[in-house]
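What follows draws every value from the coordinates through simple rules; no lab data is involved. None of these values were measured; they are calculated from a predicted model. Quick reminder, even Gly has a Cβ in these numbers, built from the backbone with ideal geometry, and neighbours come from all protein chains shown.
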Amino acid sequence: MKHRRFGSTGREVAIVGQGTWYIDEGDRAAAVAALRCGVEAGMTHIDTAEMYGEAELVVGDAIAGRREGLFLVSKVLPSNASRSGAVAACERSLSRLGTDRLDCYLLHWRGRHSLQETFAAFDDLVRDGKILSWGVSNFDVGDLDEALAVAGPGRIACNQVLYHLGERAIEHAVAPWCEANDVAVVGYSPFGHDGFPSTASAGGRVLAEIADAHASTPRQVALAALARRAFVIPKASTAAHAAENAGAGDLDLEAPELARIDAAFPRGPRPSALPMI
Ligand code: NAP
């Protein structure tokens, strides 16, 4: 599993991590096994959120007794992101996760509370050792400019944004902004949430051909292509899926293969607003 510096935190974090949205909806024991299998295969970055129902409880079960070495991330809902509300929300997440600290805590998306207030709460949480760093999610360039003006340089660890082969909007401005300001880009829904290209489609065939050349799979090829520009956090409910996804963290694609993928899944024009799900 390759690692890369996670923005201004300076931490080396696995380029392929694990999402947890809806992980609480199926077989809980299988979900716990999937997360553990993923961690053992190197996917030590685990992403969750207070919004994801009981996902934090599933993660808590999966990481019980094995917290060291993880990069654990959760998110506060915008409606809870006041100065006192964000602190209370974080404490509830810590309790559900059964841990005393998060490696990074994110504002899930922008809401009615001012960034001054939310970031002051994050600073309180850092001071008290409850979070080690903080970042944002679903922030477009205008939001990032505002956040930087409020926080100052070197303080926003990451921006977690929608990024899959069918949705490359962040490549226009958000990803370059983040790179210039030492903010890690975390790509969510890297398989398109529920729309991974089938091998019956032209793009799916390109992925399958490249996968064959590396004795890998189309999903591994997709993750490896996205991981050029972002940390990726696929969600898997089974150990087999988690093991497959982790394999992308060691896959090296050649420049002509990456060019083929880029051509098969064109970036398209810059949308007027940053897409999110
Ligand atoms: P995703 O990771 O793009 O796709 C998940 C789907 O892919 C699930 O149906 C999963 O099935 C399937 N899958 C995973 N590995 C597979 C494999 N190797 N073979 C076949 N199928 C496989 O979707 P996502 O959950 O929306 O996004 C990932 C994570 O990003 C979320 O879980 C969440 O942590 C985060 N996220 C953040 C935001 C935000 O606003 N910040 C928004 C959306 C998502 P199984 O479950 O059956 O394995």
- Query: Rounded if a/c is under 1.5, else prolate if a/b beats b/c, else oblate: with a ≥ b ≥ c from the C-alpha gyration tensor eigenvalues square-rooted, which is the chain?
  - Reply: oblate
- Message: Let me spell out the model: positive unit charges on the Cβ of Lys and Arg, negative unit charges on the Cβ of Asp and Glu, origin at the Cα centre of the chain. What dipole size does that give, in debye rounded to 20?
- Response: 200 debye
- Could you check which residue among PRO256, PRO153, PRO234 shows the biggest mean-square fluctuation in a GNM of the chain with a 10 Å Cα cutoff? PRO256
- Cross-link reach list, lysines versus LYS2, counting only Cα pairs under 19 Å and skipping chain neighbours closer than eight places: LYS235
- Query: Under the definition of Cα pairs under 8 Å and six or more residues apart, what whole-number percent is the relative contact order of the chain?
  - Reply: 23 percent
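Hand me the trypsin sites (Lys or Arg not before Pro) from the range 199-243 located in a DSSP loop with no more than 16 other Cβ atoms within 10 Å, in residue order please. Show your work: numbers first, answer last.
Values: sites: ARG205, ARG219, ARG228, ARG229, LYS235; in loops: ARG228, ARG229.
Taking the range 199-243 and a limit of 16 other Cβ atoms within 10 Å, the loop trypsin sites (Lys or Arg not before Pro) found are ARG228.
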- Item | Helical segments meeting 24 Å axial Cα length and Kyte-Doolittle -1.0 threshold in the chain (DSSP H) | none
- Note on the structure: Checking PHE196, PHE139, PHE231 against a Gaussian network model of the chain (alpha-carbon springs below 10 Å), the top fluctuating residue turns out to be PHE196
- Message: Need the list of lysines near LYS130 for cross-linking: C-alpha distance under 18 angstrom, and skip anything on the same chain fewer than eight residues off.
- Response: LYS75
- If amide H atoms are modeled at 1.01 Å from N in the peptide plane, then the residues at a separation of 5 or more from LEU102, or on another chain, having amide H under 5 Å from its own are ILE131, LEU132
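Highest mean first, what order results for 95-105, 206-216 on Cβ atoms within 10 Å?
Packing order, densest peptide first, comes out as 95-105, 206-216.
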- Note on the structure: Length-normalised contact order of the range 97-181, Cα under 8 Å, at least 6 apart, in percent, tallies to 29 percent
